[in-house]
Each structure stands twice: as structure tokens, then as C-alpha cells.
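Read-outs throughout are calculated quantities, based only on the coordinates presented, and are distinct from any laboratory measurement. Quick caveat, the model's predicted, so the values are computed rather than measured. We place every Cβ from the backbone using ideal geometry, glycine too, and count neighbours over all the protein chains shown.
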Amino acid sequence: HSSEARRTDLMTITRHVLNEQSKYPESRGDFTILLNHIVLGCKFVCNSVSKSGLAKLLGLAGETNVQGEQQKKLDVLSNEVFVKALVSSGRTCILVSEEDEEATFVEPSKRGKYIVVFDPLDGSSNIDCGVSIGTIFGIYSVKDMDNPTLNDVLQPGKDMIAAGYCMYGSSCTLVLSTGNGVNGFTLDPSLGEFILTHVDIKIPKRGKIYSINEGNAKNWDMPTTRYVQNCKFPEDGSSPKSLRYIGSMVADVHRTMLYGGIFMYPADKKSQNGKLRVLYEVFPMSFLMEQAGGQAFTGKKRALEIVPEAIHERSPVFLGSYDDVEDIKAMYAAAAE
Ligand code: P6P
């Protein structure tokens, strides 16, 4: 491809997914339509987040407007936009959102064959200080579209057909896998299109960064304590790893995906199952990591093997470069002996 050809051969996310879809001749484009509605939600949130600094001035989300009306918080607003976009796509039958206590069962007239689990604005506590935040989503197929039940949602992450996140940072980047590797798309605001910018992302086999909230060190179990100690004082005399922890999962995972290393949110004495949610944080990020050549572990098993029993269930998670996760798996195996 000459640079000229590249410039004019705009590979938008829609074209990319259509190319993928052409591998399934019997496909009627339902997934492409679903994805376009997820992309619409991401564009809305990107636009709102970029203005959030002006919220006070403009009386936008989370502030009181000039009429003195309390505006909805950005995470509540984002959730409403995603729910409405997904229902109106006519391609979904069950929605699970971090913001909604109960699952949403789409009315029969608008029902489709997909289930979407999502966190519309993960890390939203970081908005006011300008730290990158994001949307995380996973997609399952329903067993019987005429009779969707909660059991269709409580499936292991390995049965997801697609997963992705959209990071709202210095640029708006959507990272997606439909089961054939991972690709990254960057929003070109002048076009309003997500353009393919990161082709077939593969995470480095090993990294030099570990990412964990060291403030919880007092409560860690022995294997995590030993692993982190070894990051700082390597027993084999190699150089210590760097610590990078943003405290926004999408930002920490995106850095891990591109630079390598390991991201950890372990269980601790305070929370036996860690903090992160299985369906719409652990599963999508674990799916992406495996598709990029990395892996994800819960301290006991492969993260994608979890069978959730409740839609807001939590799990510890260690994910990232294949070899780095192998090292902590060895620590947990040694402790289990
Ligand atoms: P802690 C943000 O609130 C979040 O849900 C994730 O985005 C992030 O990885 C984690 O919590 C940070 O948690 O306990 O380290 O502040």
C-alpha cells in the first residue's frame, strides 16, 4: 500500500466488520448492525466526555444547568444512550449493564439474537481529574431468541462471540475482537468514523511493567505478595519491573495490551472475589488478551472458564503478557501444593 493509497483507502470499523462478516455467507449482517449501534454509543460518550471539563460552564451532565436543574451524571447518561441504541438496533434480546441492578429483557417486537453485557463508563470516578476512562462490552448469542432467559447471560466468557472496549483519552480508541484476533480503531472526529489504526494487535510475550494497587498490599494473599516482591527484587538478578497503575481499567489494560506486562486486581482479605465484575470487566478484557496472544487467570483457573451465578458477580483477575501470567500461575500452584 502506498501512503497515498492508505490515505484514500479508509478502512472504517464498519468496512472491517463487513469484511469479517463476508467469511460467514449465511450471515444477514445482524452483527454489523449491532456493532454500528455500539459504535454510535461510543461516539456519543466520546463527545460528552471531551466536553465534561466544560460541564459546569455548559450545565452538562453531572452539573446544575442554568435553570438550576441537576443534570444526570455522565455514567447514567451514557448508560441510557447505550441501552436506547442497543434496543433500537433490533438485534438484542438481553442487556446487562453495570448501571442497572437487573438485566433488561428487550420487548419481543424489537428482539434480536444477541446479548450485550457492558459497563458504559468504567472508571467514571476519574472524569473530574481528566484521567482516561472507557466503555467495556461483551457479546453472546442467545440460545432461543423466542425464549431468552437469564441463563443465556450466565455463560462462561469463552462462549462470547465478541468483546471490546472504547477508551476516551487523548484520542478515542476502540479495540475489538470478533474471535479472529484484535484490531484497534481511532475516531477521526472530522469524519465521525473509527479508522483502523492498530492492525492485528499482539501483546508482547513478556513485559517490563506490573500494574496493581499497591495500597492493598496489606490485604494480599501470599502468592500475589511473593509475585509483586519478585517484580521489585527479582530473584534471578534481572532488572526490576516498573509499576504503572492508572486506576482506570480500560487505560491500564490498553497500556498492557500495547506495551506488555501484567495487570492485577487480586482477591484480598476485604473482598474475597476482588473488585472487578466478571461479565463486563473480567470477561471482555480476558477475551481480548487471549485473542492478542496473552492470557487471563483468576488465581484458581483460566478467567474465561468462570461460570457466573449472578450478573454483577466479581472475580480476582491477573491478565496480560503470556509469560508474566505464567509466572504468577506458578506462585498460586506452589501455594496450592
Ligand atoms: P482501585 C474504577 O473504579 C474500577 O472499576 C476500574 O476501572 C479500576 O481498574 C478499578 O476500579 C480501580 O480500583 O481499588 O484500585 O481504586
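Odds and ends about this structure:
- Potential lengthening between SER239 and ASP159 on full extension [0.36 nm per residue; Cα-Cα distance subtracted]: 24.9 nm
- Pairwise label distance in nanometres, GLN272 with LYS110, each label 7 Å out on the Cα-Cβ vector: 3.9 nm
- Here the residues THR197, THR64, ranked from fewest to most Cβ neighbours within 10 Å of their Cβ, fall in the order THR64, THR197.
- Separation between Cα centres of the range 292-331 and the range 234-260, rounded to whole Å: 16 Å
- Applying a 4.7 Å Cβ-Cβ cutoff to the chain, the cysteines left without a disulfide-compatible partner are CYS93, CYS129, CYS231.
- Gain upon complete extension [VAL131, GLU26; 0.36 nm per residue less C-alpha separation]: 33.5 nm
- Relative contact order for the chain, counting Cα pairs under 8 Å that sit 6 or more residues apart, in percent: 15 percent
- Axial C-alpha extent at least 24 Å, average Kyte-Doolittle at least 0.5 - helices from the chain (DSSP): 30-51
- Its Cα centre serving as origin, the chain has a Cβ charge dipole (Lys and Arg +1, Asp and Glu -1) of approximately 560 debye.
- Estimated FRET transfer efficiency when R0 is 51 angstrom, pair LEU18-ASP323 (beta carbons, to 0.05): 0.90
- Taking a sphere under 14 Å around the Cβ of ILE13 and counting the other residues whose Cβ falls inside, with K and R at +1 and D and E at -1, yields a net charge of -1.
- Selection from GLY215, ILE246, PHE263 lying farthest towards where the dipole of the range 210-263 points positive, charges on Cβ: ILE246
- Filtered chymotrypsin sites (Phe, Trp or Tyr not before Pro), the range 147-201: DSSP coil and at most 12 other beta carbons within 10 Å: none
- Around the amide H of GLU193, modelled in the peptide plane, lie the amide H atoms of ASP188, all under 5 Å away and 5 or more residues distant in sequence or on another chain.
- Cα shape, the range 218-324, gyration tensor, a/c 1.5 rule: oblate
- The range 185-337, relative contact order in percent, only Cα pairs under 8 angstrom and at least six apart counted: 28 percent
- Gain upon complete extension [ASP188, ALA310; 0.36 nm per residue less C-alpha separation]: 40.1 nm
- Inter-site label distance for LYS300 and ALA336 at 7 Å from Cα along Cβ, in nm: 1.0 nm
- Surrounding net charge for SER141, when Lys and Arg each add one and Asp and Glu each subtract one, Cβ distance under 15 Å: 0
- Per-residue ellipticity at 222 nm from helix content only, as computed over the chain with -39500 (n - 2.57) for each DSSP H run of at least four residues, stands at -9000 deg cm²/dmol.
- Cα gyration tensor category, rounded, prolate or oblate, for the range 109-167 with a/c compared to 1.5: prolate
- Spin-label pair THR149-ASN213: with each label point 7 Å from Cα along the Cα-Cβ axis, the two points sit 3.7 nm from one another.
- Using R0 = 25 Å, the C-beta based FRET efficiency linking SER171 and VAL199 works out to 0.90.
- Residues SER52, SER211, sorted so that the one with the fewest Cβ neighbours within 10 Å comes first: SER52, SER211
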